[in-house]
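The values are calculated or read from the model by the stated rules, or taken from the named source; none is laboratory data. It should be emphasised that the depicted structure is a prediction, and the values quoted were computed from it without experimental measurement. For neighbour counting, all protein chains shown are included, and Cβ atoms are generated from backbone atoms with ideal geometry for every residue, glycine included. For the accessible areas, the whole protein counts, side chains as well, though only heavy atoms, and no ligand, DNA or RNA atoms are used. Shrake-Rupley method; radii C 1.70, N 1.55, O 1.52, S 1.80 Å.
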Amino acid sequence: MNGFQRFGIERLSPSALNLWRANPGLYALRYLGKFFDQAGPGAWRGTAVEKGLHSWFIKQNGDEAYARALEAFEKEAQGLADDETETERNNIAPMLDMAIKATEHLPAPYFCAQARVEYVFQDVDVPVIGFIDFILEDGSIFDLKTTKACPSEPKADHARQVALYMACRNCPGSLLYVTAKKSAHYPIAEELKDSALESMRRDALSLQAFLNGQKDPISAIRSLPMNDDDFRWSEAATAKLQEIAA
């Protein structure tokens with residue numbers, strides 16, 4: 001029995017590999033300790049804008065696109081009205097507007113959204129599963145990232161994600177970043193795709209080697225450093241770690 005089988009891990013994802021790379025301890029809490037932290041308003045906003053843009057592509061109706069986005073946000077927010085939630089709720093409309101404007105001159109019409117892909121790295125015992133945000137009729141793809149500050153170049157973890165999708169479909173890919181005031185579109189070059197894929201393969205192999213050497217979740221979690229300064233960290237993660245360390 002290999003390490004993935006021992007811990008009941010049947011597949012990886014780009015986000016899981018990015019988490020293992022950035023914060024191994026938190027990865028272990030989530031995937032070995034079965035600690036499932038609740039997504040916050042920022043994540044809800046991202047999903048909302050994505051669903052709004054999907055609606056726009058299909059119906060070309062701005063009011064309906066915004067209604068779809070807000071519906072998706074409220075489904076997660078469940079009436080929350082704290083400052084952070086209100087801020088993100090108010091970001092939906094301007095970010096959706098920027099996303100719509102940024103996609104006015106795409107190289108081809110919209111084809112579909114949230115397409116499942118699977119990739120198998122050499123010598124890695126489980127596949128990597130992902131979902132592409134948007135596919136165009138010419139076969140090209142792009143992922144949408146909503147953010148408060150627009151980066152001057154693709155973020156490495158996002159590039160790795162799109163690189164995997166490009167490899168799965170053998171197609172061009174890009175990242176679209178949207179803030180409330182601006183947008184930036186970054187095609188992922190072949191050289192960057194190749195280096196990003198190799199980076200992901202190394203991360204998957206390191207995770208596999210770690211799991212192969214562990215006997216149980218508690219000892220595995222205790223053997224790793226915990227970066228509680230990570231933006232992904234939460235009070236609930238602290239409580240879970242204290243429970244394990246007790």
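Summary of values
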{"read-out": "C-alpha long axis of helix 62-77 to longest principal axis of the chain, angle in °", "value": "30"}
{"read-out": "Between helix 83-102 and the chain: long-axis angle, C-alpha atoms, 0 to 90°, nearest 10", "value": "60"}
{"read-out": "Global geometry of segment 8-90, whether rounded, prolate or oblate, following the gyration tensor of its Cα atoms and the 1.5 cut on a/c", "value": "prolate"}
{"read-out": "Rounded Å value of the spacing that divides the Cα centres of segment 24-64 and segment 131-199", "value": "17"}
{"read-out": "Cα-based reach from LYS148 at 19 Å (exclusive), listing aspartates and glutamates while leaving out same-chain residues under 8 positions away", "value": "GLU50, ASP82, ASP83, GLU84, GLU86, GLU88, ASP97, ASP157, ASP230"}
{"read-out": "Spatially proximal lysines relative to LYS155 (Cα-Cα < 23 Å; intrachain offsets below 8 disregarded)", "value": "LYS51, LYS101, LYS145, LYS181, LYS182, LYS193"}
{"read-out": "Surface accessible to a 1.4 Å probe, per residue, for the residues of segment 1-147, Å²", "value": "49"}
{"read-out": "GNM result for the chain, Cα springs below 10 Å: residue of PHE57, PHE36, PHE142 fluctuating most strongly", "value": "PHE36"}
{"read-out": "Euclidean distance between Cα centres, segment 100-125 to segment 211-238, Å", "value": "31"}
{"read-out": "All lysines inside 29 Å of LYS240 as judged from Cα atoms, apart from same-chain residues fewer than 8 positions distant", "value": "LYS34, LYS75, LYS215"}
{"read-out": "Sequence-separation-based contact order of segment 11-167, relative, with Cα cut under 8 Å and 6+ spacing, percent", "value": "23"}
{"read-out": "Principal-axis tilt of helix 235-245 within the chain, Cα atoms, nearest 10 degrees", "value": "10"}
{"read-out": "Only Lys, Arg (+1) and Asp, Glu (-1) charged, at Cβ; the chain dipole about Cα centre in debye", "value": "400"}
